[in-house]
Amino acid sequence: MGYFELLNIANLMHPLARLVSYARYYKSLTICGLHYIHHVDESQAISICRPDNSTHHEATTFLLSRLFSGDKIKTVVGHARNLKKFLDYLLFWRLDEDLENIHLIPVKSGGPFPLEVILQGFADYLRCIPNGYRPFADLKVPSQGIQWSMLDHVPLNKNALAEGKVVPVMVNNMHDLREADWCEYPSGSLSPIIHTACVYLEFLGNRTKRFEHLPLQQIPWKEIGEKHSLIAGITGSRKRIVYDVETIARDSGVVGPKGGRNRQGAPIDFKKVFSEEDVNAFFKLLDPYRSAQDLLLFSILRYFGLRPGEAASLRLDPLTLPAELHNYHNAREKLTKTLCGELQYVKEHGLNGAWVVNTGWKTQASHRFVPLITHRTNNSSTGEDTRFPTQDEFTDLLYWALVQRQDLMSHLNDEDHGYLFVSASNNSKGKPLSEKGVYIKFRSIVDELLKNSNGLVDLRSFYPHSFRHHFATTLLRRYKISLEEIRQWLGHSSVIITRNTYIHWIPDRANNDDKGTVIDIENTFRKQAEISGQMNAGKRETVDTGVGLT
């Protein structure tokens, strides 16, 4: 296989026929493994390995160049995951050799450029593979990296495996059934992956001798205006040339980044949301002193609704931290008066002030202020009060977390990096906690909870992100907070996303707190049975009296 075989399928005009042809080819392949990422946890050591476990030098050098140019390791890991998919795709079609001489391939008048064909085929490949696939996940191997090199088949999603013989359907915005897109990735998710492929090709063309003749001008480009920059305010708007990955994704049948503005959100399954009992059991394992950092971390996830990555990235101004943390009363008082950063005590919120998280992550909507609400509410099903921590209780959580942070930071000789949460691992003690580190902590606590409860409390199907869902549903069902306010606190770009995601928990007009729960379903069936019984009794009475017979 090579470029010309790829071109024969790419020239098929009907997208479904093209995808079916690709799927059949991928199903027919017998492989000896795929590329995988080798990343040392909580460090900047990262590389991409070939299926034979050798280092892919061009790809690894590309990642290191991104790292040394100022990208954070989390961003570089994201590029590595995207690039791994592109390298697998090049491997299947044996395009690595063709790229060296692709500038010699003649282009017919009006025909597609070779690089454009390759990127279009890559977009179609992404539509055929599963999202979130983990090889040999049932073996529960701690590191999934090298497992990719052991595969003997190409992982495909259910649509590709069915080769278009089964038509998937979904509900559209008008709640009507329609044919689903042949892709497991959500709208806008393909464009960042394709963008990584484009910048990797640019790297090869500009930084390597082997690919110095790579015709980068064949990649689709577009101009965008910069109207809101400081320079634009002085000299007027400017034009910037960028890769037109949106067009590549759209040509493949999947909407690009701008389609994210029209995201509708998918309803969360009840099984993906913690019950109050599950959350309480989880927090009972966290010692307020020995596990102070973990207790504060998961409390922020639970009571502020942050994403795990947002919580791990929270920073404080080191110059505003209390100098003498061992002085309990003075230090606690200074926390509410002088502490500055993305977590601080704000007087404007409430009569006495409130703790507020000021966070911003990936999108403009993610930049938000989330206050700690402290008023009580009643759980109508149990009669118990539900409440978040008081401001004083949260101050205490923060104080002891900072005490533990100071102890962990003492192992570093560097200046204070300002991150609130730090690693407790022996090889990275005191360094900023990564998003992956949040998941590792969560899994460790969940495993301990399962062991201590003799298997009765099993939270292994949940993730740290589940606290965000618990936060949103608690505000809806217990606190009756408006959807628009919850949207702002969650950082959703549209209230439609919030409504559709948590539609099962939106209170109905009858103010039924049990709506959508097992109790509600049981009551519904009971009412239906009573109505059915009354109707049947009425029919029997009509037959017995002879009234109404024709």
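The values are calculated or read from the model by the stated rules, or taken from the named source; none is laboratory data. Just so it is clear, the structure is predicted and the values come from calculations on it, not from any experiment. Methodologically, a virtual Cβ is constructed for each residue, glycine included, from the backbone with ideal geometry; neighbour enumeration extends over all protein chains shown. Surface accessibility is based on the protein's heavy atoms, side chains included, excluding ligands, DNA and RNA. Shrake-Rupley method; radii C 1.70, N 1.55, O 1.52, S 1.80 Å.
Overview of results
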quantity	calculated
Residue order for CYS32, CYS128, CYS340, CYS183 - accessible surface, 1.4 angstrom probe, largest first	CYS32, CYS340, CYS183, CYS128
Derived scalar couplings ³J(HN,Hα) [segment 419-434; Karplus, 6.51 cos²θ - 1.76 cosθ + 1.60; whole Hz; x for Gly, Pro]	6, 5, 9, 10, 7, 10, 5, 4, 8, 9, 4, x, 7, x, 6, 8
Accessible surface, 1.4 Å probe, highest first, among residues TYR89, TYR289	TYR289, TYR89
Pairs from LYS272/LYS441; LYS108/LYS222; LYS222/LYS436 whose Cα-Cα separation, in the structure shown, is over 25 Å	LYS222/LYS436
Taking segment 1-158 and dividing mean pair separation by its residue count, relative contact order in percent (alpha carbons under 8 Å, at least six apart)	36 percent
Relative packing of peptides 272-281, 151-160 - highest average C-beta neighbours within 10 Å first	151-160, 272-281
Net charge of Cβ neighbours under 10 Å - reference TYR243; Lys, Arg +1; Asp, Glu -1	-2
Per residue, the convex hull volume that the Cα atoms of segment 426-479 enclose (Å³)	123 Å³
Inter-probe distance in nm under a simple model that places probes 7 Å from Cα toward Cβ, at THR55 and LEU161	3.7 nm
TYR328/LEU104 FRET efficiency (R0 56 Å; Cβ-Cβ; nearest 0.05)	0.15
Nonlocal amide H pairs with LEU151, under 5 Å, H built at 1.01 Å	GLY33, LEU34
Ordering of 478-484, 91-97, 496-502 by packing [mean C-beta count within 10 Å, highest first]	496-502, 91-97, 478-484
Square roots of five times the Cα gyration tensor eigenvalues for segment 1-95, Å	31, 15, 11
Charge tally in the Cβ shell below 13 Å around ARG210, where Lys, Arg are +1 and Asp, Glu are -1, ARG210 excluded	-4
